[in-house]
Each structure stands twice: as C-alpha cells, then as structure tokens.
C-alpha cells in the first residue's frame, strides 16, 4: 500500500537522522552544568532558536499533503494521525535547545555567556534584537548607494587619467605643407597675376589716369 511504503521510508530517514545527530561531537562534548546553564540563558536571551519554531509544523503539513494526495480516501485519518504524532514530537523541541546551548558553550566561556544573557535581557539588548533587522535593511540600502557611487567615481577617475596619458603620448600633428609661408609673394592658387600695377587679365594696357 502506498501509505505504508511512504511512512516506512519516512521512518528510515528519521531514524538515520537521529543516529547521526546523537553521534555528533555536540552530544559527547564535556560541558559543566553551570557552563551549560549559562549557555541556555544566553540562547534564550538572544532567541537563537526562534527561527526553527516552524520546522515541525511545516514538516507535518508537508507530510499530510503528500499522504492525502496519494491516499485521498484516507484524508480524515491522515490529518488526525499527523496532528497527533506532531503534537507528541513537540516535546523534542528541547533537544534543539540543548544542542544550541552546547554549541554556544563550546565557543564562549561561562563568563561571556553570562554577560551576553545580561545584556540581551536588558532594555538595550531587547531593543537591539527587535530593531536590529530594521537597521540592517537601512544599512544594506545605504551600502548599495555607496557602492554605486564608489564604482562610478572610480571608473570616471581612471578613465580621465588614461585619456590624459593617451593624449600626452600621441605624436604632434605635422604642419600643413600647402599653406604659403608668412610674408610670401607667391601667386594666388588660381594662377591670376597680382593686382598691383600689372596688366589686366584680358591683355589690354592699363588705364592712364594722367591725361585728364
């Protein structure tokens, strides 16, 4: 039956996960009770495991949907059974709290953990936890604007420097050889004679203005 095979596969996966978890170094780590207590207080103060609250409900909802799709005639029984078993497993939430405490105890000293718990239990610490995400979003926006400005200015300044260097390295343009030298009496380019005292272009003698 499809329901039986699905549940059996799920049981195998859960069993393997449990063996792996309880054989991990975190469970065998030797931590004093006072150190672990301080770690638990710190974990609670910073709400370190709050983001995992939806793991069991989401897993139950996904399993229920999967089983009902394969066995629609057993919808009522599936919903009832999944809900009951999920509620029974909710008590294992404390296992995650213990793992979190051990993880923090491996990194922070007992004094550090007490200081962390004290700060995050204060008004300032609570406000930091509450408003921290808002500040982070604003910081990300500011960082994006800053990054764009830095990239733009860097590209502009580098481009200006390279352009100036290219202009300085370019050879000077040669002078125009066809242009007449300054003060030259060379004939005009159309071949006509100069106008000062010379004969007109039609070959007639210049007019004599002396006999008037």
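The values are calculated or read from the model by the stated rules, or taken from the named source; none is laboratory data. Note that the coordinates shown come from a computational prediction; the quantities given were computed from them, not determined experimentally. As a convention, Cβ positions derive from the backbone with ideal geometry for all residues, glycine included, and neighbour counts pool all protein chains shown.
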**Message:** So for the range 134-145 (the condition being at pLDDT 95 or above, touching a helix residue (DSSP H, G or I) at 6+ places or on another chain (Cβ under 9 Å) and at negative phi), does at least one residue qualify?
**Reply:** yes
**Request:** Determine which single condition residue 64 fails, assuming it passes every other condition in (1) free of Cβ contacts under 8 Å to residues at least 24 places away in the same chain; (2) surrounded by fewer than 17 Cβ atoms within 10 Å (Cβ to Cβ); (3) more than 26 Å from residue 132 (Cα to Cα).
**Result:** (2)
**residue 67 over 30 Å from residue 36 (Cα atoms) and more than 33 Å from the chain's Cα centre (by Cα)** = yes
**Request:** Answer yes if at least one residue in the range 127-138 is assigned to a helix (DSSP H, G or I), in contact (Cβ under 8 Å) with a residue 12 or more places away in the chain and under 14 Å from residue 45 (Cβ atoms), and no otherwise.
**Result:** yes
**Message:** Just checking, does the range 118-132 include any residue being over 30 Å from residue 35 (Cα atoms) and surrounded by 10 or more Cβ atoms within 10 Å (Cβ to Cβ)?
**Reply:** no
**Candidates 100, 91, 39, 26 - the one that is modelled with pLDDT under 95 and touching a helix residue (DSSP H, G or I) at 6+ places or on another chain (Cβ under 7 Å)** = 26
**Request:** Could you please let me know if residue 162 is modelled with pLDDT of 55 or more and under 30 Å from residue 47 (Cα atoms)?
**Result:** no
